[in-house]
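Trainee: Here's a structure for you.
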Amino acid sequence: MIKASKESLKKEIGFRLKKVREKLDLSHQEMAYYFGTARTNYTKKETGENFPNLSALNVLGSHFDVSLDWLICNKGPMFYKAKDKEARVDGIGMEVVKEDVKELVEYMERIPLLRYEMLTHFQRFKAENKDLVEDVLKEETSESAGQ
């Protein structure tokens, strides 16, 4: 198991907290207001001197829709709304994805350079992610055998 040191984790979270503030176009003072703390205390969180407390994490997740997975572990999108968009692709949005795939295939048929670029990218992806591809194929094979 890889274990990050407490100090490096505080700095990483502080760096991501700064990215959130900049993305929201807020000042240190404004963020401190939302956190219910002094500007200097907020700045210590951003510089990695202190961890954001539970109240601050709640504000980030509830008020600003910041993904705490992203803030703490650097996994997924910065904001929950982006996660919601990804979830829609798995459900209702599949029709849109199917239309996009259909459009891509039509363009690939008409534009040889696009077809070449897409196939090159696809082959590179398969080679670089061989284990992932094999796992997905095994999973699909076992699911279809069980039905």
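Trainee: Which members of the stretch 29-85 meet the condition of being of a type in the set (Asp, Glu) and within 17 Å of LYS18 (Cβ to Cβ)?
Mentor: Looking only at the stretch 29-85, we keep the residues that are of a type in the set (Asp, Glu), and these are 30, 46, 49, 65, 69, 84.
The answer is GLU30, GLU46, GLU49.
Trainee: Could you figure out which of (1) in a helix (DSSP H, G or I); (2) touching a Phe, Trp or Tyr at 6+ places or on another chain (Cβ under 9 Å); (3) touching a residue at least 40 places away in the same chain (Cβ under 8 Å) isn't true of LYS45?
Mentor: It fails just one condition, (3).
Trainee: Please find, among LYS102, LYS83, the residue that is touching a Pro at 6+ places or on another chain (Cβ under 7 Å) and either at pLDDT below 85 or farther than 30 Å from LEU57 by Cβ (or both).
Mentor: Going through LYS102, LYS83 in turn, the sole match is LYS83.
Trainee: Further question on the same structure: Can you spot a residue in the stretch 10-20 that is hydrophobic (A, V, I, L, M, F, W, C), in contact (Cβ under 8 Å) with a residue 12 or more places away in the chain and either exposed (fewer than 13 other Cβ atoms within 10 Å of the Cβ) or farther than 14 Å from MET78 by Cβ (or both)?
Mentor: no
Trainee: Moving on. Quick one: GLN29 ticks every box in (1) in contact with a Lys or Arg (Cβ under 7 Å, 6 or more places away or on another chain); (2) part of a loop (DSSP other than H, G, I, E, B); (3) of a type outside the set (A, V, I, L, M, F, W, C) except a single one, so which number is it?
Mentor: Only one criterion is unmet by GLN29, namely (2).
Trainee: A further question on this structure: How do the pairs read when you match residues in the stretch 121-141 that are without any contact (Cβ under 8 Å) to a residue 24 or more places away in the chain with residues anywhere that are among the basic types (Lys, Arg), using Cβ under 6 Å and keeping only pairs 6 or more apart or on different chains?
Mentor: Pairs found: VAL133/LYS126.
Trainee: Another one. Looking only at the stretch 24-42, decide whether some residue is surrounded by 14 or more Cβ atoms within 10 Å (Cβ to Cβ) and more than 24 Å from TYR80 (Cβ to Cβ).
Mentor: The answer is yes; a qualifying residue exists.
Trainee: Please determine whether any residue of the stretch 124-143 is surrounded by 13 or more Cβ atoms within 10 Å (Cβ to Cβ), assigned to a helix (DSSP H, G or I) and at pLDDT 85 or above.
Mentor: no
The values are calculated or read from the model by the stated rules, or taken from the named source; none is laboratory data. It should be emphasised that the depicted structure is a prediction, and the values quoted were computed from it without experimental measurement. A quick note on method: Cβ atoms are made from the backbone with ideal geometry, for glycine too, and the neighbour counts reach across all protein chains shown.
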